[in-house]
Structure formats: structure tokens, C-alpha cells
Amino acid sequence: MSYRKFKAAQIFTGNSWAPPESVLITSENGQIEAIIPMADAGENVLELDGILCPGFINAHCHLELSHMKGRIAPSTGMVPFLLQVMSRRQAAAEEIEIAMQEADQAMWNNGIVAVGDIANTADSLTVKKNSRIHYHTFIECSGFIGSTASIRFDQAKKIREEFNKIGPSGIVPHAPYSVSPELFRLIREYDSEAILSMHNQESVAEQEFFLSGYSAMNDLYNSIGVDIGFFQAPGTTSLRAVFPFLKNSRKLILVHNLTTSEEDLNFITKESSSTIYFCLCPSANKYINEKLPPVDLLQSYNDNIILGTDSLASNYQLSIIEEIKLLSVSFPTIKLGQLLKWATLNGAKALDMDHTLGSFEKGKLPGIVQLQDWKSKRVI
Ligand SMILES: [Zn+2]
């Protein structure tokens, strides 16, 4: 059996830094064999600059919105952003398909090996079927009017049947402000083993809507002609208000967490038996809200942090190294090794993909990425 041997200035295993002067040994197709000292590695070691790490996991994306790149004005705030996405997402099928193919290829080239991808339609089916990237598709359900819950859920089930033929998938709620209690219950009763993912506390407008009953969210519903006169503000944060529907899930990915507080974290710690992951999409938060999540606080709660790009409607690129760079610049006390762990092993665990992805452990096929000058490039 022939081996491939890689050396760089540093090797990050997915969990920690390998000792200096280490060499990564793989099979011809990139299956991990071992990390050994240079002195034992023999000949034909490929010496690269920079850092080597396992392939990245993009835990939150919307591939089907890729054609919206550059179409949505930045810094508008949440509600104008949502209205723009709703009114501008229509496009010719061919245009949507080409944009998704290009986005999928760009992610592959910059070292992303797996994606937790939100779908409201079956548009991304063919691209995912033909992709080298591992996708877990979260079919997203929304509907704030309780009487529409069964119709909305049936639509999601039909889309799920399609995605389930090509890879792992599940049905998930969109956000606290867009899912009725009836719809939350249908989602939860459907599959107790599902990985749940939800846009959580993405804006001050969401927070205010649950605390006082009035915020820009009311304008959103007015604009789309939905009467929400029935809504009684629970007087608590959105996360606490909907958490009873989520707390017994096997895995729960909370995405964004811009206004999450220490009280919220104490509340969910006490209430939950789930493994909870906080997914950070800092570039999208900046693009929409000019705000970043309380990363230090989330990190102090647990280390189950994972990274996502969100979609090209709210990001200039789908690149995990760009998310790492923004976090590193904005939160200089967080060490690079920590950020890389969030981007690799933690993401793989969140998506149930750590048996083969996320770290340089023997037998895994995680891909190898080279990092240099805040750029990432696929090696294998
Ligand atoms: Zn999103």
C-alpha cells in the first residue's frame, strides 16, 4: 500500500495542535493513517507552508439562495432583510441551478467538506446529489398561524421525502417568531431522533417582539398581510418562550444567538436534556444587523460552538476561513486552535458526521485543508 505524507509549519488535528515537526500520513485517497514524528517519516514528504487542518464543516447555509448574491442591501436590519429575500428570491430555474453549482464548487475548493443546509424547496436536490460535499438538509417549516400548521407540515414532509433519497435530512422550525405552537408540536412529534436546527435570537426586533409584543416584526406581518392580532407577548425572550418545544431533542443547533443572555443560558441549562450547539454566522450578522453575537458568553456556557456561513443573500462568500478570520479579529482572546476546532470536529459532531469527518484520526476521511495568510485551499 502506498502512502502520502504531508508536513507544514503546524498541523491542527481537529482537536488540538500536533507536536512540532509532525508528519500526517494518509492512504492514496486521503484516509488517515497516523501522525508521526518527521524523524520516522522516511522519504517523499510533501512540505507545505502554513497550517494543515481537517476539512471544514459549514453548519448553516442556504444553498438555494445562492442566486441572491449581491442582490440584498447590507445593514438594513432584520425585517427589511427578510422582506427583500421574500420579494426577490424568485428567479429562473436555470439561474438558481447555476448559482448553486458555483457555490457548491467554491465551498469544495476552499476546503468545506460538509454542510448543514436549510431548504424551503427541493431546488438544491440535483446539485447536492452530484456534489462531493456531504450535505445534511434541514427542511425548514414556518407558519405563525396555528390553523395552517398541518398544511405547512405536509408540504415539508413531501420535500423531505425527496431529500431523504440522497442523504441525511430532517424537518426543522424556522424561528421562534415564525412558527406556531401547533407547528412546533408537529415537527417535534415527527422524529424524536432528528437533529433540530433553528434561527435563534437573530435580531433585537425578535427579542422585543417576545418581550413587549411590538417591534419591527409586526411590520413584517403587516407587510405580508398576515393578521397576528391573536399574538400575546409572553414577556420573556424568544428562546425561553419556545424552548419547551425543543428541550428534549437529541441534538439542537441554535443559529445566530445575537441577543442571547446569561439568563437565557442558565434557563436552557436547567431545562434541557439535549446536546445544544451554538452556531455562529458572524459575517451574516454583520451584513444584516451590524452586530456580532456574545461569543465569550456562549463559550463560557459550553464549548459546543460551530460555524456557518449562512447564505449568499447575507454574505459575500461561503467560506469558513473568512468566518474564522472575522471572529479572530473581533474576539482576539479566542485562540486559533479553538476556532479551528469549532470549524472542524465540533461541526462534524453536530451533524452526526464525526465517524468519518472532522479530525485526523485513523480511518477517517476528513479532507486536508491548507491555511495560509487567512486563505484556505483544499489539499485532498
Ligand atoms: Zn439562515
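Do you know which residues across segment 84-105 are open to solvent by less than 50 Å² (accessible area, probe 1.4 Å) and touching a helix residue (DSSP H, G or I) at 6+ places or on another chain (Cβ under 6 Å)?
Within segment 84-105, 91, 96, 99, 100, 103, 104 qualify.
Find the residue count for segment 136-155, including only residues that are farther than 20 Å from residue 254 by Cβ and surrounded by fewer than 22 Cβ atoms within 10 Å (Cβ to Cβ).
11
Could you count how many residues in segment 45-76 are open to solvent by 20 Å² or more (accessible area, probe 1.4 Å) and either farther than 21 Å from residue 377 by Cβ or within 21 Å of the chain's Cα centre (by Cα) (or both)?
Looking only at that region, the number is 7.
Could you list, ordered by first residue, the pairs with Cβ atoms under 7 Å in which the first is in segment 145-172 and more than 20 Å from residue 117 (Cα to Cα) and the second is surrounded by fewer than 15 Cβ atoms within 10 Å (Cβ to Cβ), at least 6 apart or interchain?
Going by the 7 Å Cβ cut-off, the qualifying pairs are 145/226; 146/181.
Taking the stated definitions as given, is residue 96 farther than 28 Å from residue 204 by Cβ, in contact with a Ser or Thr (Cβ under 9 Å, 6 or more places away or on another chain) and in a helix (DSSP H, G or I)?
yes
Being surrounded by 14 or more Cβ atoms within 10 Å (Cβ to Cβ) and in a loop (DSSP other than H, G, I, E, B) is the filter here, so list the residues in segment 208-225 that pass it.
213, 215
Would you pick out the residues in segment 160-207 that are more than 16 Å from the ligand (Cβ to nearest atom), open to solvent by less than 10 Å² (accessible area, probe 1.4 Å) and assigned to a loop (DSSP other than H, G, I, E, B)?
Once the filter is applied, which keeps residues that are more than 16 Å from the ligand (Cβ to nearest atom), open to solvent by less than 10 Å² (accessible area, probe 1.4 Å) and assigned to a loop (DSSP other than H, G, I, E, B), segment 160-207 yields only 180.
Could you identify the single residue in 39, 34, 18 that is away from the ligand (no atom under 16 Å from the Cβ), more than 31 Å from the chain's Cα centre (by Cα) and among the aliphatic types (A, V, I, L, M)? Steps first, please.
Details: 34 fails: more than 31 Å from the chain's Cα centre (by Cα); 18 fails: more than 31 Å from the chain's Cα centre (by Cα).
Answer to the selection: 39.
Looking at 357, 339, 371, 345, which one is touching a Pro at 6+ places or on another chain (Cβ under 6 Å) and surrounded by 17 or more Cβ atoms within 10 Å (Cβ to Cβ)?
On the way: 339 fails: touching a Pro at 6+ places or on another chain (Cβ under 6 Å); 371 fails: touching a Pro at 6+ places or on another chain (Cβ under 6 Å); 345 fails: touching a Pro at 6+ places or on another chain (Cβ under 6 Å).
Being touching a Pro at 6+ places or on another chain (Cβ under 6 Å) and surrounded by 17 or more Cβ atoms within 10 Å (Cβ to Cβ) holds for just one of 357, 339, 371, 345, which is 357.
Is it the case that segment 69-88 has a residue that's in a loop (DSSP other than H, G, I, E, B) and touching a His at 6+ places or on another chain (Cβ under 6 Å)?
No, segment 69-88 has no match at all.
Would you be able to tell me the number of residues in segment 29-44 that are open to solvent by 10 Å² or more (accessible area, probe 1.4 Å) and among the β-branched types (Val, Ile, Thr)?
So the count comes out to 2.
Which of the numbered conditions does residue 133 fail, given that it passes all the others? Conditions: (1) under 17 Å from the mean Cα position of the chain (by Cα); (2) touching a residue at least 40 places away in the same chain (Cβ under 8 Å); (3) buried (at least 16 other Cβ atoms within 10 Å of the Cβ).
The single condition residue 133 does not satisfy is (2).
Give me a count of the residues in segment 99-158 that are among the small types (Gly, Ala, Ser), assigned to a loop (DSSP other than H, G, I, E, B) and farther than 24 Å from residue 71 by Cβ.
1
Which of the numbered conditions does residue 323 fail, given that it passes all the others? Conditions: (1) farther than 24 Å from residue 132 by Cβ; (2) crowded, with 23+ Cβ neighbours inside 10 Å; (3) within 16 Å of the ligand (Cβ to nearest atom).
Failing condition for residue 323: (1).
The values are calculated or read from the model by the stated rules, or taken from the named source; none is laboratory data. Everything quoted here is computed from the prediction, not taken from an experiment. So basically every Cβ, Gly included, is an ideal-geometry build from the backbone, and we count neighbours across all protein chains shown. Just so you know, the surface numbers come from the protein's heavy atoms only, side chains and all, with ligands and any DNA or RNA stripped out. Shrake-Rupley method; radii C 1.70, N 1.55, O 1.52, S 1.80 Å.
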